[in-house]
Amino acid sequence: MRKLLLAVAVLSISLFACKKDTAPTNPNPSPPATSTETFPVSFSVSSFLQKQEQLATPGGRKTGTGSNLRDSVLAGKVSHLYYLLYNDYGQFVKVIFQNTTDNPDDFGTLEENLPANRYIIALIASTGPIQLLDTTSYYSMRLRLPDATLPNLNVSAPDIFVGSNTFTVTGYGATQTVPLWPTRIMGRLEVNILDAPEASGPGDSTIQVYTSPAYRQYIQYGNYDEIIAEPGIVLQRNGRTNFSSQVLTPFSEITVTIAYPDKTTGERKLKEMRFVPFTRGYRTVMTGNVYNPLGGGTGFSIALDTTWYDYVNIPF
């Protein structure tokens, strides 16, 4: 009898323990994500657009063909978009490229289907083509500015914006939207030579403006590489008096050199102006004469314009 009672007691304890350890079941469970399942994710650049200029409409978009939408404001500022996708360890997954020529109706809008995972998305937006030299890791992502097609040719480097965000694809709920707000990595230099001679035609190198130090490569987290050899990057001539280009450099001061011919002998002369203030994301404007300097010194006034797209006349 004792053995029978002991066996019943042990069985009761075992049943109670099993019942206690069993987790409650969900009557409507969500299906678990598998490696073959993908889920939609959209990427938004609306914050970037708002930083560039006031949106023309509440949504900042206009209707494209079919159901596509186009960020018309963005298209007016940049022409190339590079979306770089990485996993949460920073390992490369894929790159998606858009430009205004091949993607006229959906430029600036992107929706991808991705497996459930944690990701990093990087966006490079530019006003011209760039080179992606290293995309293997998010932490060593490297881009390069294009070279001039000919030595000493007037060039204008593209304006470039870089930004990133992290997100997680769970496979549950509505399609999530990941915001992107890249920031400008370039500064801009404009030199107005009021007494410059007329250009004889496109590519005229009678008068040239250089700036240094300037770099070709930008590496993630604000590193720079491949310095352009002296005398530096050649600014593009936009007319008789105006020379300009975007400049990639970490320095807060640059040297601006003007090469010009003597009016009498034709001898090549140089006017070098050092310690010119320069800040990434801002526009440095220089205005003055090379032949008839005004006010002594270099003959040029220098102003740092903090509203890049507000091209106001700055007196000197």
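Laid out as a table, the results:
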read-out: FRET efficiency, 1/(1 + (r/R0)^6) with R0 30 Å, evaluated for residue 252 and residue 204 via beta carbons; value: 0.40
read-out: Segment residue 268-residue 89, extension gain: residue separation times 0.36 nm, minus the distance between their alpha carbons; value: 58.9 nm
read-out: Residues 85, 189, 304, 270, sorted so that the one with the fewest Cβ neighbours within 10 Å comes first; value: 270, 304, 85, 189
read-out: Neighbour-count ranking [beta-carbon atoms within 10 angstrom, fewest first] of 291, 215; value: 291, 215
read-out: Relative exposure of 140, 156, 200, judged by other C-beta atoms within 10 Å (fewest first); value: 200, 140, 156
read-out: 3J(HN,Hα) from dihedral phi, the stretch 259-273, Karplus parametrisation 6.51/-1.76/1.60, rounded to Hz, x for glycine, proline; value: 9, 8, x, 5, 5, 8, 9, x, 4, 6, 10, 10, 10, 10, 10
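Quick note: the coordinates plus some simple rules give every number you see, no bench work behind them. Source: prediction; values computed, not measured. All Cβ positions, even for glycine, are placed from backbone atoms using ideal geometry, and neighbour counts span all protein chains on display.
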